[in-house]
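Below: the structure, in structure tokens.
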Amino acid sequence: MKLTNLSVQLLAILALGTPFMASAVVETNTDFGRLSLGGDAEINLNASNTNRNNVLGQTSETRDDRWDEDGRLLLNFLGVRELEDGRYGQIQIQPTIGTNGGAGADDAYLGFGQRNNWGMKVGRFEAYDMFPLGQDIFVEHSGDSANDLYVDGNGYVYMLKEGRGRASKGGQLLLNKETGNWYLELSTLIGDRTNLFAGQQYHGYELTKAKDSIMVRPVIAWKGQNLKVALGAEGNVINDAIVTSDDVSVSDRLGYGITTSWTQDALVINASAARMDAEDETDTTLGANLVWYNAGLGYIYAINDITNANLNNTSADFSKMIGKHTINTVYASYKIPSVLDLSNFDIYLGAYWSQLNVDSGEVDNMDRYGGRVRFKYYF
């Protein structure tokens, strides 16, 4: 299966700001442009030992063992019309159907602009990845998705993703510009962002939405023959959008970071750093990973420095949140390509180990670990 020339051009346009696009297997061409259909199936067999709830005071005996299967089927609809001078308009829709019967969506947006010049996207998508994890098959810790990032009592691995996109209660607008080796991007996320905090709680304080949020996320990137470097930041320009019952704003958050990537033949090395300055908390994350042929290996180190918590909340001992906590995470993966000699069928093996080291002699360090077999089939 091969992409058409037009699809390849569009991939080049959005390569710095657009996630995976499935190969097209069905195409039509009319005066209104070209419509293609493709997709993939991703099924996981999982075994892990984890606890997504508050781990303050937990021990290794109270964690949950998990053996399950999950996954989804993704359909990719891409409609494009392009003029001879490079001006284009496109829509992309990616509905998903989970193996549990639930339905959702990855991307759903309208894009337009001029090839190799400027572009604009409106809808639902992911902006530039400022903390790439390489061949990420199975990595679990707080901070591993675009929503429900912050969980009280768990370590927070900040990766400059709070405003990246695909929010369940927010829409997006993105502008980008290409000039030579440079790429500029300004992404915004607008709407209710209380779901950034799992359970709508922060340091033991209950949260309420005072206003809709407007998150702004600028990125500037330079790409050479082997090296790519990007600087980015994100923040909520409505600093009193989310408040506690004491009318203290927790939406005044500023994150920034840098990421670099080196590619040489079959070797890809990524290194990233990110920092978040928030209410009574700062979070710093460093990460590095490599992919060599079909093997991947990565390490992430995070620091959470918390200076205040709600000691009146009796649901847990939130005094144990105060302090400087560290998180170490190691993960590895291996790709078995072209299973049964089918070029569109791969199997991945993935595993991770993560430990939260709490700054308290009263709380044990918490381990999380797991393994996964992923079946990936493109159509």
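At a Förster radius of 22 Å, what calculated FRET efficiency corresponds to the Cβ-Cβ distance of Tyr293 and Ala47, to the nearest 0.05?
Approximately 0.30, to the nearest 0.05.
Per DSSP H run of n ≥ 4, the term is -39500 (n - 2.57); total these for the chain, divide by its residue number, and report the mean residue ellipticity at 222 nm rounded to 500 deg cm²/dmol.
-1000 deg cm²/dmol
At a threshold of 8 angstrom on Cα-Cα distance, excluding pairs fewer than six apart, so keeping six or more, what relative contact order does the chain reach in percent?
Computed over the chain, the figure is 15 percent.
At 0.36 nm per residue, and after removing the present C-alpha to C-alpha distance, how many nm does the segment from Asn226 to Asn100 gain when stretched out fully?
Residue separation times 0.36 nm, minus the Cα-Cα distance, leaves 41.2 nm.
Would you mind computing, in nm to one decimal, how far apart the modelled labels at Tyr301 and Asn344 are, each placed 7 Å from Cα along Cα→Cβ?
Rounded to a tenth, the inter-label distance reads 4.4 nm.
Could you work out how much longer the chain between Gln264 and Asn313 gets when fully extended? Use 0.36 nm per residue separation minus the Cα distance between them, nm to one decimal.
Taking Gln264 through Asn313 to full extension adds about 12.4 nm, to one decimal.
Given a cut-off of under 8 Å on Cα pairs at least six residues apart, what relative contact order in percent is computed for the range 177-292?
Relative contact order comes out at 18 percent.
Under a cut-off of 13 Å between alpha-carbon atoms, report the aspartates and glutamates in cross-link reach of Lys228, not counting same-chain residues fewer than 8 places apart.
Asp129
What is the gain in length, in nm to one decimal, between Arg87 and Thr179 on full extension, counting 0.36 nm per residue of separation less the C-alpha to C-alpha distance?
31.5 nm
Could you compute the longest span of the chain free of GluC sites (Glu not before Pro) located in DSSP loops and having at most 13 other Cβ atoms within 10 Å, not counting the site residues?
Result, exposed sites excluded: 85-361.
Can you give the FRET efficiency to the nearest 0.05 for Thr208 and Val122, using r as the Cβ-Cβ distance and R₀ = 25 Å?
Efficiency at R0 = 25 Å is approximately 0.30.
Given R₀ = 41 Å, what would the calculated FRET efficiency be for Ser249 paired with Gln355, taking r from the Cβ atoms and rounding to 0.05?
Here the calculated transfer efficiency is 0.80.
Return a whole-number percent for the relative contact order of the range 224-379, with Cα pairs under 8 Å and 6 or more residues apart as the contact set.
Relative contact order for the range 224-379 comes out at 13 percent.
Starting from the Cα of Gln200, step 7 Å along the direction of its Cβ; do the same at Thr28; then give the gap between the two resulting points in nm.
4.4 nm
Distance cut-off 18 Å, Cα to Cα: go down the list Lys161/Lys223; Lys161/Lys376; Lys223/Lys335; Lys169/Lys211 and report the pairs above it.
The answer is Lys161/Lys223; Lys161/Lys376; Lys223/Lys335.
What angle do you read, to the nearest 10 degrees and between 0 and 90, between the alpha-carbon axis of helix 5-14 and the longest principal axis of the chain?
Tilt relative to the chain: about 30 degrees.
For the range 114-225, with all protein chains present and a 1.4 Å probe, just round the carbon and sulfur fraction of the accessible area to a whole percent.
Answer for the range 114-225: carbon and sulfur cover 53 percent of the accessible area.
From the Cα gyration tensor of the range 170-320, with a ≥ b ≥ c the square roots of its eigenvalues, which class applies: rounded if a/c is under 1.5, or else prolate if a/b is larger than b/c, or else oblate?
oblate
Using a 1.4 Å probe, what is the accessible area per residue for the chain, in Å²?
With all protein chains present, the chain gives 46 Å² per residue.
Does the range 230-313 classify as rounded, prolate or oblate by the C-alpha gyration tensor (a ≥ b ≥ c root eigenvalues; a/c under 1.5 gives rounded; else a/b over b/c gives prolate, otherwise oblate)?
prolate
Provide the descending list of Cα extents for the chain along its principal axes, expressed in whole angstroms.
So the three principal-axis extents are 66, 48, 42 Å.
The values are calculated or read from the model by the stated rules, or taken from the named source; none is laboratory data. As the structure is a prediction and not an experimental result, all values here were calculated from the model. Please note: Cβ atoms are built from the backbone with ideal geometry, for glycine as well, and neighbour counts cover all protein chains shown. Remember, those area values only see protein heavy atoms, side chains included, never the ligands or the DNA or RNA. Shrake-Rupley method; radii C 1.70, N 1.55, O 1.52, S 1.80 Å.
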